[in-house]
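The values are calculated or read from the model by the stated rules, or taken from the named source; none is laboratory data. Keep in mind the model is a prediction, meaning the values are calculated, not measured. Quick reminder, even Gly has a Cβ in these numbers, built from the backbone with ideal geometry, and neighbours come from all protein chains shown. Only protein heavy atoms, including side chains, enter the accessible area calculation; ligands, DNA and RNA are left aside. Shrake-Rupley method; radii C 1.70, N 1.55, O 1.52, S 1.80 Å.
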Amino acid sequence: MVLKEVGTMARNYEHMGIRELRERARISHPEHDPEAGRVFVDRMLDMEAERLTWHWHENQGYQPFSSAATLGEQPGGGTASADPLAMAYDRGIRIHRGHEYAEAWLAQARLRPRARLAVLIRAAKLHPMPTQQGQPWARPYDFIAEHLPIYSRMLQMGSLAVMGDIASVVLVESPAGIKRRIPNPAPSVPIFKNGMAIKNAAREARVQLLLLAQI
């Protein structure tokens, strides 16, 4: 009986309106439930990944609507969905106000670029994609780490690949005794050395968002 009630509550959260779900996620809410926070954060990430990847889909000639709408699955992504979003797809509206809410909320979270990229990669991999797209997000995490600039562009974050490449200056003396300063780029370090690094960074970023959702 307890397990049945828990399962029913989880389904209710998945179909609950974003703003009500947001309030349930707050620790100050009289009916606060950590599960509401998890569903809220996953929905925010799901819709943000969906919004960002539409630009890539349209420029590549892919269908500009959610694959879930054509496969009989829940519209709006693979982690959490809402009925208003399904109605928006039925009307041909690609950017729903829920997507705008997710964009604003994640912007306020102020995640560092590395953390944001990792957690959005995770969300994009969980989001269902049409088979005709070649399923770029179905690739293993190691593949994504190796081809990070491509995937970061798909998430509209530029061609991110390395970090720590801030140039320094060193003093060099020529054979004639003339001293001059020249740039000395610091060694570039890959943002993610492998797929596990992406997973770890995504996990840490999601924890940050879960904590933020409780406020």
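Ranked by solvent-accessible area (1.4 Å probe, protein heavy atoms only, all chains present), the residues V39, V189 order from largest to smallest as V189, V39. Here the calculated FRET efficiency for E35 and A138, from their Cβ-Cβ distance with R0 = 22 Å, stands at 0.20, rounded to the nearest 0.05. Ordered from largest to smallest accessible area (heavy atoms of protein chains, 1.4 Å probe), the residues R139, R203, R24 come out as R203, R139, R24.
Stretched out fully, how many nm does the piece from L211 to A107 gain, at 0.36 nm a residue minus the Cα gap? Display every interim value, and only then the final one.
Values: separation 104, 0.36 × 104 = 37.44 nm, distance 1.53 nm.
Here the answer is 35.9 nm.
Length gained on full extension, N200 to V162, computed as 0.36 nm times the residue gap minus the Cα-Cα distance: 12.0 nm.
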